[in-house]
Amino acid sequence: MRAGIVVFPGINRERDMAIALARSTGRQPRMIWHAETDLAGLDLVVLPGGFSHGDYLRCGAMAARSPVMAAVRAHAERGGYVLGVCNGFQILTEAGLLPGALLRNASLRFLAMDCHLRVERSDTAFTCRYQRGQVFRAPMAHGDGNYFADPETLDRLEGEGLVAFRYATPSGEPTAEANRNGSARSIAGVLSPDLRTLGVMPHPEDMVDPLLGGEDGKPLFDALAELAA
Amino acid sequence: MSGRPATESLARDFGLTAEEYGRVLAIMGRAPSLTELGIFSVMWSEHCSYKSSKIWLRELPTTAPWVIHGPGENAGVVAIGDGLAAIFKMESHNHPSFIEPYQGAATGVGGILRDVFTMGARPIASLNALRFGSPDHPGTRRIVDGVVRGIGGYGNCVGVPTVGGEVNFHPAYNGNPLVNAMTVGIAPADRIFLSAAAGVGNPVVYVGSKTGRDGIHGATMASAEFGQDAEEKRPTVQVGDPFTEKLLIEACLELMATDAIVAIQDMGAAGLTSSSVEMAGRGGVGIALDLDAVPQRESGLSAYEMMLSESQERMLMVLRPDREAAARAIFEKWELDFAVIGRLTGTGRIVVTHRGRVEADIPLAPLAEQAPLYHRPTAPTPSRAALGAVADPVGIAAALLALIGCPDLCSRAWVWNQYDATLGGQTVKRPGAADAAVLRLEGLRRALAFTTDCTPRYCAADPEAGGAQAVAEAWRNLTATGARPLAITDNMNFGNPEKPEIMGQFAGAIRGMAAACRALDFPVVSGNVSLYNETEGRGILPSPVIGGLGVLEDAAQAVGLALVPGLELVVVGATQGWLGQSLWLREIAGREDGPPPPVDLAAERRVGDWVRTRILAGEIRACHDVSDGGLLIAVAEMALAGAVGVRLAASPPVGTAAHAFWFGEDQGRYVLAVADATGLLAAAAADGIAVLRIGSSGGDGLTLPDGVTISVAALRAAHERFFPSWMDG
């Protein structure tokens with residue numbers, strides 16, 4: 001499996017992502033500067049976390065118009081896999097590759113803490129190493145993770161099974177208290193209709209090492225390691 | 001020389017005394033221009049010249065076999081093994097954070113990051129030591145909110161995890177909060193970049209953000225007390241741009257991987273003035289600057305404004321001339337300004353030209369060598385009368401619940417939940433998980449531990465004992481994770497040095513710190529002095545904040561403070577029940593009295609080395625030092641961290657009251673949790689270490705020796721109530 005990580009100016013979790021991918025795949029991902037446009041040979045393109053362009057307009061809005069994004073779009077249209085985490089998820093929504101938007105957290109404060117995610121389906125290339133209904137832990141670190149979409153879009157996502165993860169209690173209840181950023185229907189992760197693009201707010205890449213708090217996020221990368229080359 | 005010459009009255013407005021202005025006239029041989037006077041006044045400000053503190057700072061030990069660069073460079077550098085160096089420093093942004101909390105704190109983080117990456121290090125962690133006024137004071141909430149948001153807003157965006165620090169409250173900080181920011185970076189030990197310029201004719205290059213009118217005379221503002229006009233000083237506060245700083249880090253590190261850089265320094269306090277004067281001065285060369293080439297954010301900037309602007313995210317470099325084009329390409333890739341603004345000269349002078357006119361022409365050697373240096377009068381701090389017996393008005397259980405929830409001991413989760421601590425994927429011990437933050441070094445087994453410490457109420461009662469205690473507690477917190485303490489950075493926050501009692505506090509704190517640094521082999525490698533922390537004549541508590549750094553050969557050996565069921569708890573170090581200046585005395589008895597607990601440095605060293613040996617032998621499951629609140633608070637914090645109960649079975653020695661035993665703040669103690677205490681007790685007996693078995697972990701309540709049980713849930717509710725209800729309630 002060949003993975004690439006797009007580096008926009010202001011991105012800061014690209015190294016975390018590279019460590020997690022290398023740990024599961026056994027090879028270093030390619031780092032792709034945002035001005036590049038050639039993604040040939042990649043199975044997976046990752047848009048990592050951070051503050052692209054400082055998040056100075058809207059989170060992800062400027063990065064979504066970077067030269068590389070046309071290539072990411074073409075990669076997705078070819079059936080390539082795309083993973084966007086945190087700022088990467090925001091960029092995917094700003095680029096129209098995933099529906100909805102990530103608004104300011106309901107508390108109006110940055111949230112940096114572990115949260116629990118319930119896996120809503122386990123038959124995707126991203127989630128096949130988890131069980132449906134399984135709960136795993138991952139750090140969140142965002143000021144704008146409050147998932148929003150209009151009711152029709154939310155109903156469509158639910159109806160088509162495109163909600164990948166929800167914020168939940170450790171026992172799997174999607175309570176209001178577990179949904180700290182106030183996301184609509186506790187949505188933490190969204191899939192594209194072909195199930196090949198995933199956006200997720202928390203950071204499974206920072207939970208892949210027992211010494212650093214656990215390996216809850218590792219099944220996601222183990223699953224990606226099995227993507228056909 | 002252009003413009004009208006300066007006058008003594010203008011010099012006074014710039015913070016220079018009549019005697020200091022006389023020196024300026026003697027050096028120049030004529031009245032200085034406005035720009036020249038600006039340069040003298042900021043270079044001779046307390047903030048840049050350390051004129052009141054320098055003679056005392058010389059008493060601190062600064063060397064050890066592992067110290068690569070001590071004080072004098074942008075940050076301290078120590079060897080940490082595997083061919084690597086840790087580069088670290090702490091710096092205050094107290095005055096700006098009072099005037100404009102968000103930007104004051106944010107630019108404090110940005111400034112200390114630049115001090116570290118300017119030496120070639122990738123910053124890996126930041127910490128913040130914060131001291132605020134009383135929670136009841138009307139201004140405190142706004143300042144806490146702004147400072148915490150500012151630290152998070154800058155640190156989270158710039159991509160450096162914020163992994164630790166302190167938050168405390170005291171009415172003495174009502175008009176003058178302390179914001180002390182520390183950053184640690186890593187570089188190859190043989191690739192450290194210094195600031196001494198060299199090579200006559202070499203280009204002087206400006207990179208980063210454009211220059212604007214923000215922060216003009218910030219260094220002078222930081223060298224004066226506040227009166228009622230603090231609000232009017234807002235224009236002296238700089239505005240931070242963490243996105244540009246992130247680009248600047250990446251661009252500088254990319255350039256540093258080449259051989260292009262001769263010297264580099266960030267433009268911090270006093271901006272272009274201090275960076276150019278210090279780089280040329282340290283290198284013994286001259287420097288000619290053409291201000292027309294400086295990237296400018298707004299039109300019509302004068303030479304005076306450009307030389308004194310403290311616009312953020314800017315660096316000054318001297319490059320090899322044949323590498324200029326390659327360097328420019330790197331900064332263009334990162335979309336940062338890159339401008340050759342001058343050359344090194346052989347004149348030994350700084351010559352500043354703007355619009356074809358010479359605006360300043362100053363000899364560098366006298367500017368540095370004839371800077372004022374004061375041996376200000378000191379008055380000793382009166383020693384506090386011994387406390388005598390203090391009755392327990394409430395009992396142990398009630399005191400525990402009150403203390404664990406008081407502002408100085410309650411959970412800081414509300415604060416650190418706004419700081420990204422996991423960014424970078426190397427954080428082994430996050431805030432609250434251990435006595436010090438522990439980060440593994442990427443790709444290695446090796447880890448570093450960091451802490452910040454100071455107990456200002458001890459320092460106020462006895463500056464020397466308090467200074468020693470601050471150093472000892474930092475050493476103890478590192479030791480409690482298993483780390484070998486290496487070195488410290490200090491941030492000396494005090495009031496007006498022109499008052500003998502304040503200078504006496506400063507001198508006393510230095511004496512105590514120096515003694516502790518020597519006894520613990522824990523030298524000072526960098527630091528910062530912040531004086532004039534007063535508003536309307538009222539000074540803060542003397543606050544010599546210590547930032548400590550330690551190393552672990554193997555990150556897997558680090559221990560935290562969380563208990564699991566089935567462990568035995570042992571306190572190491574002697575417990576006599578010292579209540580003077582304790583939190584119990586303040587919170588429960590309503591008194592801030594007595595002398596602080598003495599620090600026996602020889603015992604500190606012996607006990608700490610013994611504890612660390614046991615941890616590294618893999619015998620210890622959890623470890624926590626005993627500090628604010630005493631033994632029972634330490635045990636309660638371990639129970640809370642592990643969400644497990646404890647049954648206590650110890651009784652005080654004869655002659656010690658129960659409340660003094662459980663809440664006394666005797667120094668040099670640790671609580672260790674082990675699977676079986678028998679071996680540990682035998683080893684302690686053999687090694688002559690004082691130990692006492694105090695209980696065991698299990699269940700879901702904390703049971704006191706008299707059988708009273710407080711559920712962990714009730715403890716947690718008390719512990720976690722304050723910040724959310726105070727800030728968001």
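The values are calculated or read from the model by the stated rules, or taken from the named source; none is laboratory data. On a predicted model such as this, the values are computed, not experimentally measured, just so you know. Heads up, the Cβs are rebuilt from the backbone with ideal geometry, glycines too, and the neighbour counts pull from every protein chain shown.
Which one is nearest to the chain's Cα centre (by Cα) among residues in segment B:416-456 that are basic (Lys, Arg) and more than 8 Å from chain A (Cβ to nearest Cβ)?
B:429
For segment B:553-570, what are the residues that are small (Gly, Ala, Ser) and surrounded by 19 or more Cβ atoms within 10 Å (Cβ to Cβ)?
Passing the criteria: B:555, B:558, B:560, B:562.
Taking into account only those residues within segment A:57-88 that are within 12 Å of chain B (Cβ to nearest Cβ), touching an Asp or Glu at 6+ places or on another chain (Cβ under 9 Å) and in a loop (DSSP other than H, G, I, E, B), which is farthest from residue A:189 (Cα to Cα)?
In this case the residue turns out to be A:62.
Among (1) part of a loop (DSSP other than H, G, I, E, B); (2) free of Cβ contacts under 8 Å to residues at least 60 places away in the same chain, there is one condition residue A:127 misses while meeting the rest; what is its number?
Going through (1) part of a loop (DSSP other than H, G, I, E, B); (2) free of Cβ contacts under 8 Å to residues at least 60 places away in the same chain one by one, residue A:127 breaks only (2).
Contact list please: Cβ distance under 6 Å, first residue in segment B:235-259 and more than 10 Å from chain A (Cβ to nearest Cβ) and outside any helix (DSSP H, G or I), second residue of a type in the set (Val, Ile, Thr) and surrounded by fewer than 21 Cβ atoms within 10 Å (Cβ to Cβ), pairs at least six apart or on different chains.
Matching pairs, first to second residue: B:237/B:99.
Say we look at segment A:183-223 and pick out the residues that are out of contact with any Phe, Trp or Tyr (no Cβ under 7 Å at 6 or more places or on another chain) and part of a strand (DSSP E or B); which of these is nearest to the other protein chains (Cβ to nearest Cβ)?
Per the stated criteria, the residue is A:209.
For segment B:65-94, give me each residue that is touching an Asp or Glu at 6+ places or on another chain (Cβ under 6 Å) and of a type in the set (A, V, I, L, M).
B:75
Of B:540, B:546, B:488, which residue is in contact with a strand residue (DSSP E or B) (Cβ under 8 Å, 6 or more places away or on another chain) and either surrounded by fewer than 24 Cβ atoms within 10 Å (Cβ to Cβ) or more than 25 Å from residue B:429 (Cα to Cα) (or both)?
B:540
Could you tell me whether segment A:133-142 includes any residue that is touching a strand residue (DSSP E or B) at 6+ places or on another chain (Cβ under 9 Å), under 24 Å from residue B:161 (Cα atoms), away from chain B (no Cβ under 14 Å) and among the β-branched types (Val, Ile, Thr)?
For segment A:133-142, residues touching a strand residue (DSSP E or B) at 6+ places or on another chain (Cβ under 9 Å), under 24 Å from residue B:161 (Cα atoms), away from chain B (no Cβ under 14 Å) and among the β-branched types (Val, Ile, Thr): absent.
In this structure, does residue B:452 turn out to be over 27 Å from residue B:599 (Cβ atoms) and β-branched (Val, Ile, Thr)?
In short, no.
Condition check: touching a Ser or Thr at 6+ places or on another chain (Cβ under 8 Å), of a type in the set (A, V, I, L, M) and more than 25 Å from residue B:412 (Cβ to Cβ). Does residue A:141 satisfy that?
no
Condition (residue is within 14 Å of chain B (Cβ to nearest Cβ), touching a Pro at 6+ places or on another chain (Cβ under 8 Å) and within 22 Å of residue A:210 (Cα to Cα)) applied to segment A:90-112: is it met by at least one residue?
yes
With respect to residue B:552, is the statement that it is closer than 30 Å to residue B:688 by Cα and in contact with a Lys or Arg (Cβ under 8 Å, 6 or more places away or on another chain) true?
yes
Okay, residues lined up against (1) at pLDDT 95 or above; (2) in a helix (DSSP H, G or I); (3) in contact with a strand residue (DSSP E or B) (Cβ under 8 Å, 6 or more places away or on another chain); (4) closer than 27 Å to residue B:290 by Cβ:
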{"residue": "B:160", "(1), (2), (3), (4)": "yes, no, yes, no"}
{"residue": "B:163", "(1), (2), (3), (4)": "yes, no, yes, no"}
{"residue": "B:180", "(1), (2), (3), (4)": "yes, no, yes, no"}
{"residue": "B:187", "(1), (2), (3), (4)": "yes, no, yes, no"}
{"residue": "B:190", "(1), (2), (3), (4)": "yes, no, no, no"}
{"residue": "B:196", "(1), (2), (3), (4)": "no, no, yes, yes"}
{"residue": "B:200", "(1), (2), (3), (4)": "yes, no, yes, yes"}
{"residue": "B:206", "(1), (2), (3), (4)": "yes, no, yes, yes"}
{"residue": "B:224", "(1), (2), (3), (4)": "no, no, no, no"}
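Quick check on residue B:650: is it modelled with pLDDT under 95 and either in a loop (DSSP other than H, G, I, E, B) or surrounded by fewer than 17 Cβ atoms within 10 Å (Cβ to Cβ) (or both)?
yes
Among residues belonging to segment A:113-122 that are more than 10 Å from chain B (Cβ to nearest Cβ), of a type outside the set (A, V, I, L, M) and not in a loop (DSSP other than H, G, I, E, B), point out the one that is surrounded by the most Cβ atoms within 10 Å (Cβ to Cβ).
A:118
Just give me the residues in segment A:143-179 being farther than 29 Å from residue A:24 by Cβ, part of a loop (DSSP other than H, G, I, E, B) and away from every other protein chain (no Cβ under 14 Å), in sequence order.
Within segment A:143-179, A:149, A:150, A:173, A:175, A:176 qualify.
Which pairs have Cβ atoms under 7 Å, sit 6 or more apart or on different chains, and link a residue in segment A:14-38 that is more than 11 Å from chain B (Cβ to nearest Cβ) to one that is in a helix (DSSP H, G or I) and among the aromatic types (Phe, Trp, Tyr)?
Going by the 7 Å Cβ cut-off, the qualifying pairs are A:21/A:221; A:24/A:221.
Going by the structure shown, is residue B:300 at positive phi, more than 14 Å from chain A (Cβ to nearest Cβ) and modelled with pLDDT under 95?
Against the criterion (at positive phi, more than 14 Å from chain A (Cβ to nearest Cβ) and modelled with pLDDT under 95), residue B:300 qualifies.
Name, by its number, the condition in (1) surrounded by 21 or more Cβ atoms within 10 Å (Cβ to Cβ); (2) closer than 15 Å to residue B:345 by Cβ that does not hold for residue B:274.
Of (1) surrounded by 21 or more Cβ atoms within 10 Å (Cβ to Cβ); (2) closer than 15 Å to residue B:345 by Cβ, only one is false for residue B:274: (2).
Looking only at segment B:675-693, decide whether some residue is of a type outside the set (D, E, K, R), within 27 Å of residue B:415 (Cα to Cα) and crowded, with 20+ Cβ neighbours inside 10 Å.
No, because not a single residue in segment B:675-693 is of a type outside the set (D, E, K, R), within 27 Å of residue B:415 (Cα to Cα) and crowded, with 20+ Cβ neighbours inside 10 Å.
Could you pull out the residue among B:46, B:19, B:8 that is charged (D, E, K, R) and within 17 Å of residue B:532 (Cα to Cα)?
Going through B:46, B:19, B:8 in turn, just one is charged (D, E, K, R) and within 17 Å of residue B:532 (Cα to Cα): B:46.
Only residues that are within 19 Å of residue B:65 (Cα to Cα) and either of a type in the set (Lys, Arg) or not in a strand (DSSP E or B) (or both): list them for segment B:505-539, please.
B:514, B:515, B:516, B:517, B:518, B:519, B:520, B:521, B:522, B:523
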